[in-house]
Amino acid sequence: APKYRKDYKAPGHWTRHVTLDINLGDGATVVTSELDMERNADSPGSDLFLDGEELKLFRVYIRDDNGEVTQLQEEDDYSLNDDGMLIKNSSLPSGNKYTVGTVVQIAPKENTRLSGLYTSGGNFCTQCEAEGFRRITFAQDRPDVMSTFSVRLNAWPSGDFPVMLSNGNNPVPPTLIPSPPGGEKVDKSYAVWEDPIPKPSYLFALVAGDLGSIKSTFVTKSGRKVKLEIFSEKENVDQLDWAMESLKAAMKWDEEKFGLEYDLDIFNVVAVNDFNMGAMENKGLNVFNTAYVLAKPETATDLDYERIEGVIGHEYFHNWTGNRVTCRDWFQLTLKEGLTVFRDQLFSGDMGSHAAKRIEDVRTLRSRQFPEDAGPLSHPIRPESYIAMDNFYTATVYVKGAEVIRMYRTLVGEAGFRKGMDLYFKRHDGQAVSCDDFRAAMADANDVNLDQFERWYLQPGTPEVSAAGEYDAEAKTYKLTLKQSSKKEDTLPFHIPVVTGLLLKEDGSEGCVASRGLELKEEEQTFTFEDVASEPIPSLLRDLSAPVKLRYKYSDEDLAFLMKHDTDSFNRWEAGQQLSTRVILGMVEEIKAGGEPGALPASLIDSFRATLLEKDIPDKSLQAYALRLPDPATLAEEMDVIDPDALYKALKHVRRSLADALASELRSVYDSAAPSGPYKKNSAEVGRRRLRNTILSYLHEPRDAAAAKLCFDQFEAADCMTDKLAAVACLANFDDAGGAFPERAEALSKFYNDADGDALVLNKWFGIQAAADLPDLLSRVKDLMQHEDFTLKNPNRLRSVVSSFAGSQHKFHAKDGSGYEFLGDMVLEVDQLNPQVASRLATMFSSYRRFDEKRQGLMREQLARIRDSSPSKDTYEVATRCLG
Ligand code: ARG
Ligand code: ZN
């Protein structure tokens, strides 16, 4: 049954302290918990509900405030259902304070859902957000209940568990329990952890096993010495340095930018191989998917390094935005996620380039969030209802949520934003709060009214803003009319910051206003700019100042002008994207009309040539991004009915035409960007590699012998994973049917052997093959799944094949429905093991309404098949919401 945001009620009892005693080891995993309770004075006489799932219950007892213990009896005192246990108020002590104890048994080794306590490669670990703690013990598993924790971990044989971690401080590190005199030798050990800072149960974590680590320290600005340690499987400890460096940078950055300091003496990070999501911000014990921790140049790409820095920062930043100030209920998820994503974006920008980071983030917004918002799974950043909370860790909550936080900063300025953050912490440290509390802090700290701004939390959908300008040469005024609309019915006007500059056509300099923060609050508003010397070209929505789609009728010349002259680096890039979008979509129309796509307009070739030959772009990453065509998913958004074949053909034609028209320029820039010394990881080198590999992807387009040789040469010469992967990904696209292009098989087999079993490198090996541009892709994918290294149980490995295939669009959308049937099969099979991962796969059908009747029908068939196969509630929710 769905839960609704409007139904929020504070609990009738509070858990103030949790004492856990957990027996790990070969025998049964037994969890004894004692919850120190206090009645909520606002709702006297309430029964007590404790969440609990798949727990084998041995006993329940109560201890009153005199220390008197009573065993509770089922039926008389409490009742059980699939969701937990209800203890009658009449069976609870009448006093204000009491303790509830339970003893349960769980089965971590059989836990394939990877939620709660499970094993990964023989080690124990946990994932409790959102609702995993209830799979470990009976508890008030809701974020508004914050408790301190004492945890005792017991393990045997002790040799298997030299590392035993939980949240907070570690008064008793792993200790051997001495054998009793004369008794049998008992090979046991235990450790004790105390977390003095109240937290919701979703931030609980434990890790136990035989792990390697690296250590360091960080001294906070007020002098606290924090012990840092990052753990992984022993063979990977040589891949932890970058994560440690990133962690220290993040700790420093949060002090400098937000005055936020770490609050415990220990900060641990553990990398685990089997993990549903990216990482988890458990208090003092972050648990990570290995993909976001492990890095060395031979195995990780520049992009991997950037992601690690970003995610390490993200989880660390949660310590304040999420942990100390947490969410009142799960509808408020974007309170912590939108804000923390925005903080990690700022951090990554400060560590590298803001301009490049902004482009990457907008690409994600457009290719992932815009389609989500345009489909049946569309929801406001603060959803109104859910069946399985895990389905709401979405691009909308995270990425659009971050855009909404960014808009606050645009509206109140950087200093105002800091004032708002300070007030937010002053008011709410130690509390579980709502998105409205955050908005109120921003409004009050800056003395502005943000009432209308709430609509960003209430209304789904991507707004469209259309702009039209009018220049009055006599009066020297420029009138800009902005209009907002939404595809969703009954949408009220949003409060939209539209940062606007004017460029004078004559000299390319900025007009009278460098940049003005226009605030569009009504459906339509006209803004007047005075003293504009000559007719300007507007530079609108600078740095993408709002998550909207902008419509303005620029001519091709206007766009070329903006590409060259706009002082806003984002809008320079954006102008180029619009120019290519126009050309590609024009070709799509020609193809749909039955024609063959014609020659590229000279303007596009010229602008690409100009970008390519531009000498003084200091940031080569920006140059690389300017040379990349828009993502297929972003282009598809612009089509009334998505025609994947036409889109594929048009994109291929444009890429190939650019490669042909600029062959010699591409080749000479490629050559001049060759490495000039040993591998280095600095932003200049990262940019150089990014540029060169972007060019390689054009150079490989002819798919002829010379192109194959070029890719193979780069593959052989590569001294780092970035260059090696770029080359082998290109080679994977060469059709080797009938023994053609032997370089393909040679490179792939060499890549496989070099991997030497490294799981993350093997994921790359699977991933590039499953996304290759080849006619018989699906049968190759099925072959890949027969490979001895393939398994459905590891989410990274599964996604490296199945999501890579489905995400590459063209073959997934094969008109015969074969791609859909394949994904349907996968969803059903994986759902038996891991519902969270399966339901995420099922969302790949969610764009079905955007396609032609035939494809719509085929996808709907799969969704109905999934819905009718009595799937998990996660997958059921996705299938039914998609079907509408
Ligand atoms: N809070 C984590 C993060 O964003 C994500 C946890 C996701 N968990 C889930 N079950 N969906 O850093
Ligand atoms: Zn997060």
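Using R₀ = 35 Å, calculate the FRET efficiency as 1/(1 + (r/R₀)^6) where r is the Cβ-Cβ separation of Ala737 and Ser672; round to 0.05. Computed FRET efficiency for Ala737 and Ser672: 0.50. Separation of the alpha carbons by more than 29 angstrom is noted, of Lys248/Lys793; Lys9/Lys199; Lys199/Lys400; Lys615/Lys680; Lys257/Lys505; Lys592/Lys811, for Lys248/Lys793; Lys257/Lys505. Run the simple label-point estimate for Lys521 and Arg703 please: 7 Å along Cα→C-beta, distance reported in nm. Those two pseudo-labels are separated by 5.6 nm.
An ellipsoid equivalent to the chain, defined through the eigenvalues of its Cα gyration tensor, has semi-axes of 47, 33, 27 Å when rounded to whole angstrom and sorted largest first. For segment 405-521, the gyration tensor built on C-alpha atoms gives an oblate shape. Its axis ratio a/c (a ≥ b ≥ c) is at least 1.5, and a/b is not larger than b/c. Coupling constants for segment 7-22 follow from the phi torsions by the Karplus curve (6.51 cos²θ - 1.76 cosθ + 1.60, θ = phi - 60°), and in residue order they are 8, 4, 9, 5, x, x, 9, 10, 8, 8, 9, 10, 10, 10, 10, 10 Hz; glycine and proline get x.
With a Förster radius of 25 Å applied to the beta-carbon distance between Lys88 and Thr175, the computed FRET efficiency rounds to 0.05. Against the chain, whose longest principal axis comes from its Cα atoms, helix 569-592 is set at around 70 degrees.
By the count of neighbouring beta-carbon atoms within 10 Å, fewest first, Met859, Met785 end up ordered Met785, Met859. One decimal place: the segment Tyr61-Glu821 gains 268.5 nm when fully extended, by the rule 0.36 nm per residue minus the C-alpha distance. Using the average count of surrounding beta-carbon atoms within 10 Å as a protection proxy, the listed peptides 78-87, 260-269 rank, highest first, as 260-269, 78-87.
Panel values: segment 67-153, Kirkwood radius from alpha carbon pairs, Stokes-Einstein at 25 °C and 0.890 mPa s, translational diffusion coefficient 161 µm²/s. The stretch between Glu68 and Ala602, if pulled fully straight at 0.36 nm per residue, gains 183.5 nm over its current Cα-Cα span. Per-peptide packing, taken as the mean over residues of other Cβ atoms within 10 Å, places 382-390, 592-600 in the sequence 382-390, 592-600 from highest down.
Taking 0.36 nm per residue of separation and subtracting the Cα-Cα distance, full extension of the segment from Asp556 to His354 would add 70.0 nm.
Determine which aspartates and glutamates satisfy two conditions relative to Lys815: a Cα distance under 12 Å, and not lying fewer than 8 residues away in the same chain. Answer for Lys815, where 12 Å is the Cα cut-off: Asp643, Asp645, Asp852, Glu853, listed by chain and number.
Amide H contacts under 5 Å for Leu550: Val465, restricted to partners 5 or more places along the chain or on a different chain, H placed in the peptide plane at 1.01 Å from N. Counting charges near Ser150 (Lys, Arg +1; Asp, Glu -1) among other residues having Cβ under 11 Å from its Cβ returns a value of -4. A simple packing score, the average count of other Cβ atoms within 10 Å per residue, orders the peptides 208-220, 351-363 as 351-363, 208-220, with the highest score first. Between the listed residues Ala879, His318, Asn273, the Cα displaced farthest toward the positive end of the dipole of the chain, a dipole computed from Cβ unit charges relative to the Cα centre, is found at His318.
With r as the distance between the Cβ atoms of Asp776 and Glu746 and R0 = 25 Å, compute the FRET efficiency 1/(1 + (r/R0)^6) and round to 0.05. Efficiency computed from Cβ-Cβ geometry: 0.80. Placing unit charges on the Cβ atoms of the charged side chains and taking the dipole of segment 556-636 about its Cα centre, the candidate lying farthest along the positive direction among Thr581, Leu559, Ile617 is Ile617. Projected label points at Lys426 and Ala864, each 7 Å from Cα along the beta carbon direction, are separated by 6.0 nanometres. Under a model in which nothing but the beta-carbon of Lys, Arg (+1) and Asp, Glu (-1) is charged, segment 276-340 shows a dipole of about 360 debye around its Cα centre.
In order along segment 674-679, the phi-based Karplus estimate (6.51 cos²θ - 1.76 cosθ + 1.60, θ = phi - 60°) of 3J(HN,Hα) comes to 5, x, 10, x, x, 3 Hz; Gly and Pro are listed as x.
Candidates Phe370, Phe851, Asn449 compared by Cα position along the dipole of the chain: farthest toward the positive end lies Asn449, with charges placed on Cβ. Across segment 351-365, rounded Karplus estimates of 3J(HN,Hα) from the backbone phi angles (6.51 cos²θ - 1.76 cosθ + 1.60, θ = phi - 60°) give 6, x, 10, 5, 4, 5, 4, 5, 4, 4, 5, 6, 4, 5, 4 Hz, Gly and Pro being marked x.
Under 5 Å between amide hydrogens, built in the peptide plane, is the criterion, and for His13 it picks out Asn40 among residues at least 5 positions away or on other chains.
Note on the chain: with charges restricted to the Cβ of Lys and Arg (+1) and Asp and Glu (-1), its dipole about the Cα centre is near 340 debye. From least to most packed, judged by other beta carbons within 10 angstrom and beginning with the fewest, Phe317, Phe822, Phe790 follow the order Phe790, Phe822, Phe317. The magnitude of the dipole of segment 230-315, with charges of +1 and -1 set on the Cβ of Lys/Arg and Asp/Glu and taken from the Cα centre, is near 100 debye.
Readers should treat all values here as calculations from the given coordinates under stated rules, not as data from a laboratory. The structure displayed is predicted, hence computed values, not measured ones. Note that we place each Cβ from the backbone using ideal geometry, even for glycine, and neighbour counts take in every protein chain shown.
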